[in-house]
Amino acid sequence: MEHTFALISLGCPKNLVNSEQMLYLMTEAGYQLVPDPEGADLAIINTCGFIDSAKSEAIDTILETATYKKNGSLGGIIVTGCLAERYQDSIQKELPEIDAVLGVGSFGDIVEAADAVIKRNSFRSFANDSISVDEIPRVVSTGPSWAYLRIAEGCNNFCAFCAIPFIRGRYRSRKMENIVEEAKDLAAHGVKELIVIAQDITLYGTDLYGHRCLTQLCRKLSEIDGIEWIRLHYLYPDQFDDELIDEIAGNIKIVKYLDIPIQHINNDILKRMNRRGSGDEIRELFAKLRTRIPGLVLRTSLIAGLPGEGEAEFEELCAFLREARIERAGVFPFSPEEGTPAAEMPAVPAEEAQRRADLIMELQAPIMDAFNRSFIGKTIRVLCEGRDEESGLLSGRSFADSPEIDGYVLFEGFCPPGEFAEVLITSTEDGILYGEETGR
Ligand code: SF4
């Protein structure tokens, strides 16, 4: 009889890619995927341990899953990913319900771990986090029309607030030919939009080829038949050269949407947080990008309440946001992460950091709404993803919306999932655009 497993994937898109790889390895080995841990032989929980709220979510998920194990309706629990890596010495002492633990370099050992747990043995594996990235095939769980394409692992930037370089290791690019092969395979399976991800995609190639290669990679990806949109996520602001800007501006397959996390705009805070570049350089970059790439949609992420952020620094950030009118922004309150330099610095109280994060979202809401309203009366290209159950309308995204983090378009029409439709936008509400299909 086939053994069954449930897979719970927490955290970011990079972690989801690891979950998709484990899904491939487990199903290839004869394990059968089931939707719920209750009644399964195994539950695999792929965790995030990036910030406090992610850690709490991971621990709550493990504890909830453990109740099935206690009442006999689940065989065993395997915990993988960032939380496992970060707390590898203590995680099983704190949570003895866990049977096996795999670090971020050991996803390839999932079948060995599963076989051990089925036999009531425990299993642990933590590979060196600086070895080259495992080229493991995967079962794409997104779509029907889009997929993440991870081009590198780890990070060298060591921002003072961030634990990622300690958890995921140094920056390691995947070989360009492997990435292009994977993209071709995705295209052959109907994927039309590639979401290019890594902790910092601007650094791509520096470790393997001795220079930045994102421009060449984008060019190669855009030559693949079937790929129509290439979306770039997580570009470090000081790494834009003219060649890259020209490629983004001139390549019709690269969507005019860039995700450039800036975290803050005040010079002292940027320096204290070990971020390269100054506030003025960020201002200049955004102005240059908007001039050179007409219609560009910018996304960024910010941290409110970073150490050193007084009222004046916070006001500088708010003034910048009022002026820059960034179309898409996410904000986190600062959370001191053990082992990082920022955790040792005198911090803004947590409630105050949360209050400032809320204020930023209040400030951003009318900017994002005004941007959405600017589509009314226009016809835009939408990648259809299927029917929205609640409204009965078709659901899709335009170039201005990245999956999972932005809004979407609901429209009347007959477009099949995975195809593009021309949609006339007639109204907008709560970040969602409404319209009707006018053609393909
Ligand atoms: S760029 Fe900075 S914030 Fe982003 S993963 Fe690297 S160290 Fe963390």
Next on the checklist: Can you go through ALA370, ALA421, ALA343, ALA400 and tell me which one is closer than 30 Å to ALA163 by Cβ and among the aliphatic types (A, V, I, L, M)?
Outcome noted: ALA343
Checklist entry - ASP401 fails exactly one of the following numbered conditions: (1) surrounded by 19 or more Cβ atoms within 10 Å (Cβ to Cβ); (2) more than 19 Å from LEU298 (Cβ to Cβ). What is the number of that condition? => result (2)
Item to check | In the stretch 196-210, the residues that are under 18 Å from the mean Cα position of the chain (by Cα) and farther than 14 Å from ILE260 by Cα | outcome: TYR204
Next on the checklist: So in the stretch 62-91, with the set limited to residues that are in contact (Cβ under 8 Å) with a residue 12 or more places away in the chain and more than 26 Å from the chain's Cα centre (by Cα), which one is surrounded by the most Cβ atoms within 10 Å (Cβ to Cβ)?
Outcome noted: GLY76
Item to check | Answer residue from the stretch 281-293, given it is in contact (Cβ under 8 Å) with a residue 40 or more places away in the chain and not hydrophobic (A, V, I, L, M, F, W, C) and is nearest to GLN354 (Cα to Cα) among those | outcome: ARG283
Next on the checklist: Among the residues that make up the stretch 90-107, is at least one of them closer than 24 Å to VAL196 by Cβ and away from the ligand (no atom under 16 Å from the Cβ)?
Outcome noted: yes
Checklist entry - What tally of residues in the stretch 159-191 results from selecting those that are within 11 Å of the ligand (Cβ to nearest atom), outside any helix (DSSP H, G or I) and not hydrophobic (A, V, I, L, M, F, W, C)? => result 2
Item to check | the stretch 100-118 residues that are in contact (Cβ under 8 Å) with a residue 40 or more places away in the chain, paired with ones that are among the β-branched types (Val, Ile, Thr) and in a loop (DSSP other than H, G, I, E, B) (beta carbon under 8 Å, 6 or more apart) | outcome: GLY105/ILE131; PHE107/ILE136; GLY108/ILE136
Checklist outcome for this item: Looking across the stretch 248-285 at residues that are away from the ligand (no atom under 16 Å from the Cβ) and polar (S, T, N, Q), the single one that is nearest to the chain's Cα centre (by Cα) is ASN251
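FYI, it's all coordinate maths here, none of it is from the lab. Computed from a predicted structure; not experimentally measured. So basically every Cβ, Gly included, is an ideal-geometry build from the backbone, and we count neighbours across all protein chains shown.
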